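Right, one structure below, let's go through it.
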Amino acid sequence: MALQRLIYHSHATDISDPGLVFTILQTSIRNNEKAGIGGVLFLAKDMFIQVLEGEADAIDTTFNRISDDSRHDRITVVGRDDIQSRAFPQWAMHDLTPNIEDDPSEFLSQDLTAKILLGKCVQYASAEDRWEV
């Protein structure tokens, strides 16, 4: 089967929980490793942005589960494409939130296209890779 990439954004329903992203990340890693899914997640203000990469059936199953999660709403898929290789092969799921140095409102105010969101995720992942030992 072909690899696919799905990019979506959604709005957090309650950002008062300081462990929200950590909890989501831990569950995502466990589920994604079993399903062969990878990608990144970050929370900018009250908006989740996530990239999922993997086989189409696994993406469907994972996204259906994500869509039913009450911790977010207003889910908008901005891109789903066949891909030749993964942009984030090293992670089952990884939180890029700590790498956001610029004001997220700069790009959140734009028309959120898959290209913009993927570009930001790659930018933040690259910044992190520079600091890994």
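Computed from the Cβ-Cβ distance with R0 of 22 Å, the FRET efficiency linking V122 to A2 stands at 0.60.
Sort V21, V77 by heavy-atom solvent-accessible area, probe 1.4 angstrom, most to least.
V77, V21
Computed from label points 7 Å out along Cα-Cβ, the spacing between D82 and E33 is 3.2 nm. In this structure, the amide hydrogen of M93, modeled 1.01 Å from its nitrogen in the peptide plane, lies closer than 5 angstrom to those of G39, counting only residues at least 5 positions away or on a different chain. The trypsin sites (Lys or Arg not before Pro) of the stretch 1-100 that DSSP puts in a loop, and whose beta carbon has at most 14 other beta carbons within 10 Å, are K45. Available extension along the chain between R65 and D17 is 15.2 nm, counting 0.36 nm per residue and deducting the alpha carbon span.
What the phi angles of the stretch 4-12 give under the Karplus curve with 6.51, -1.76 and 1.60, with θ = phi - 60°, is a coupling list of 10, 10, 10, 10, 9, 10, 8, 10, 5 Hz, glycine and proline written as x.
The values are calculated or read from the model by the stated rules, or taken from the named source; none is laboratory data. This is a predicted model, so every value here is computed, not measured. For neighbour counting, all protein chains shown are included, and Cβ atoms are generated from backbone atoms with ideal geometry for every residue, glycine included. Heads up: the accessible areas ignore ligands, DNA and RNA and are worked out on the full protein's heavy atoms, side chains in. Shrake-Rupley method; radii C 1.70, N 1.55, O 1.52, S 1.80 Å.
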